[in-house]
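Everything on this sheet refers to the single structure shown next.
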Amino acid sequence: MAELADPNADARLRNYLHAELADFVATYVNIALASGDTKLVDHTRKLFQPRLDALLEGREVRSINRYDLLDWHNESPKLSRRHPLDKFSLGPDDVLRPADEPTGPRFVPPNRAKLREGLDRREREALERRMRR
């Protein structure tokens, strides 16, 4: 846990995250209502309401990216100089903790050489022909 210059920084962070998400949801709901797309309104509310409720009620909120943090927070990308996709959770005690979730890319392309090892001769030749084109 990082030492914060302001002991209420994480509580302020909860209020900020709630206000930002509420504004984001309101923007999309208003756009959807203006276009008459009630399915988008329902989907947007259904998707974001649990997180809004958790922030408002002081429950744990998971999967907060470092780039979601404000510049005045010690864990922000600007002050910490760490990867912006690092994940955090904000506990019911308003303390920001590193999340258990792995960070970084979820898809790693396979090594072509290892991929070819598993192919039989005909498949390997066909793949090599396609790669030469």
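Structure data summary
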item: Test: residue in the range 41-53 that is touching a residue at least 40 places away in the same chain (Cβ under 8 Å) and within 15 Å of the chain's Cα centre (by Cα); result: no
item: Residue within the range 55-73 that is of a type in the set (Asp, Glu), outside any loop (DSSP other than H, G, I, E, B) and closer than 16 Å to residue 10 by Cα present; result: yes
item: Answer residue from the range 56-86, given it is surrounded by 16 or more Cβ atoms within 10 Å (Cβ to Cβ) and under 15 Å from the mean Cα position of the chain (by Cα) and is modelled with the highest pLDDT among those; result: 61
item: Test result for residue 53, modelled with pLDDT of 85 or more, loosely packed, with under 15 Cβ neighbours inside 10 Å and more than 28 Å from residue 28 (Cα to Cα); result: no
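The values are calculated or read from the model by the stated rules, or taken from the named source; none is laboratory data. Keep in mind it's a predicted model, so treat the numbers as computed, not measured. A quick note on method: Cβ atoms are made from the backbone with ideal geometry, for glycine too, and the neighbour counts reach across all protein chains shown.
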